[in-house]
Amino acid sequence: SWESIATREATEDMNLPKMLHQRVASHPGQVAIERRSNVGAWRRVTMETFLGEADSIARGLIGIGLEAGDHLAILAPTSYEWALIDVAALSCGAITVPIYETDSASQIAHILADADVRIVITATTQQAELVESVRTEGVRYVLSLDRGAERVLTSAGRGVSVEQVRERTDAVTLSDEATVIYTSGTTGNPKGVALTHANFVATAEGARQVLGDVIDSPETRLLLFLPVAHVLARLVMHVILSGQGVLGFSPSIKNLLPDIQAFKPSVLLVVPRVLEKVYNAAS
């Protein structure tokens, strides 16, 4: 039970990217993600492929000047790309700052200034333009995925080796910051909560102690649609990726029912209101 004494501990040299690389070492060739293609089919992605793509993004981030300890913001829906950028930034020793898709211009301006954000990656050009309208002096780049952010970063990383990424990753300790997650700002300016790699890794180990049969089962299929800008969905994302299950992403609640039908999850992270919507749509 959750009241049991913890028997699994995270070592000081562990961090989030290393936790994912452990899966490759223990279960090479295992499918970790299924992502929907532009034509609607679900494509299987091994952890090696995912981490290889994250390395390419990480090399690009280093190539455009992202330093260890810098803050990189992500403004995008829950998606394969969100996870990719998150792992890439963490692999560089950087700190990820989620921005909610519902945040106003003034809230975004506050987050950019408060976290001293250096790079912002958005899903759409419209989101990038919103960020540009409140851009602070510290922001060096605003890149949007629909305008080829991945291509730009892949090109920028050609002069950076994978070994340089590994050096950055190896230098990150359990006590280093991994992310700054901001409150919704309903009672004033959003307040940033700094979380370390230990917060995620140790919690993942604790979850594995209680839910190991689910986390470490290749039969587990989790469809994630709640915002990974929030800490719970983000934690669950990393827990499933570090286990043996398969993770799927549903970026829009409007497509949730067909995504459930196509992906056939064995596990869902939900809130009651979402279940009501799914039930009403299916009935």
Next item on the list: At 0.36 nm per residue, minus the direct Cα-Cα distance, what do T203 and Q261 gain on full extension? Give it in nm, one decimal, please.
Entry: 17.8 nm
Next item on the list: Give me the Kirkwood hydrodynamic radius of the stretch 1-156, using the inverse of the mean 1/r over all pairs of distinct Cα atoms, in Å to one decimal.
Entry: 16.8 Å
Notebook entry, point to check: Residues in the stretch 78-122 near a label at T154, defined as backbone nitrogen under 18 Å from the 7 Å Cα→Cβ point?
Noted result: 80-89, 122
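Can you quote the Å³ per residue value for the convex hull of the Cα atoms in the stretch 109-151, rounded to an integer? Write out the running numbers ahead of the final one.
Numbers: hull volume 2.5 nm³, N = 43.
Spread over its residues, the Cα hull of the stretch 109-151 gives 58 Å³ apiece.
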Check: Once the Cβ-Cβ distance between L275 and H27 is put in as r, and R0 is 30 Å, what FRET efficiency do you end up with, to the nearest 0.05?
Finding: 0.40
Next item on the list: For the stretch 165-283, just list the percent of Cα-Cα distances falling in each 5 Å bin from zero outward, please.
Entry: 2, 10, 16, 18, 17, 17, 11, 6, 2, 1, 0
Check: Per residue, how many Å² of accessible area does the stretch 162-244 show with a 1.4 Å probe?
Finding: 42 Å²
Item checked: For the chain: relative contact order, % (alpha-carbon pairs under 8 angstrom, 6 or more apart) -> 23 percent
Next item on the list: Specify, per residue and in Å³, the volume enclosed by the convex hull of the alpha carbon atoms belonging to the chain.
Entry: 141 Å³
Notebook entry, point to check: trypsin sites (Lys or Arg not before Pro) within the stretch 136-212: which are DSSP loop residues with at most 16 other Cβ atoms inside 10 Å?
Noted result: R140, R158, K191
Next item on the list: Assign unit charges at the C-beta atoms only (+1 for Lys and Arg, -1 for Asp and Glu), then state the dipole size of the chain relative to its Cα centre in Debye, rounded to the nearest 20.
Entry: 820 debye
Notebook entry, point to check: Between V231 and S106, what FRET efficiency comes out of the Förster formula 1/(1 + (r/R0)^6) with R0 = 25 Å and r the beta carbon distance, rounded to 0.05?
Noted result: 0.65
Margin query: So if I take the centroid of the Cα atoms in the stretch 189-252 and the same for the stretch 26-81, what is the distance between those two points in Å?
Written below: 15 Å
Notebook entry, point to check: Full extension from D116 to R43: what is 0.36 nm times the residue separation minus their Cα-Cα distance, to one decimal in nm?
Noted result: 22.6 nm
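Quick one: with all protein chains in place, what share of the accessible area of the chain is carbon or sulfur, to the nearest percent (1.4 Å probe)? Don't skip to the answer; put the middle values down first.
Working: 6830 of 13000 Å².
It is 53 percent, rounded to a whole number.
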Check: Among rounded, prolate and oblate, which fits the stretch 118-186 when a ≥ b ≥ c are the square roots of the eigenvalues of its C-alpha gyration tensor, a/c under 1.5 means rounded, and a/b larger than b/c means prolate?
Finding: oblate
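The values are calculated or read from the model by the stated rules, or taken from the named source; none is laboratory data. Computed from a prediction, not measured in an experiment: that's the story for all the values here. Reconstructed Cβ throughout: ideal geometry from the backbone, glycine too, with neighbour counts over all protein chains shown. The accessibility values were calculated without ligands, DNA or RNA, using every heavy atom of the protein model including side chains. Shrake-Rupley method; radii C 1.70, N 1.55, O 1.52, S 1.80 Å.
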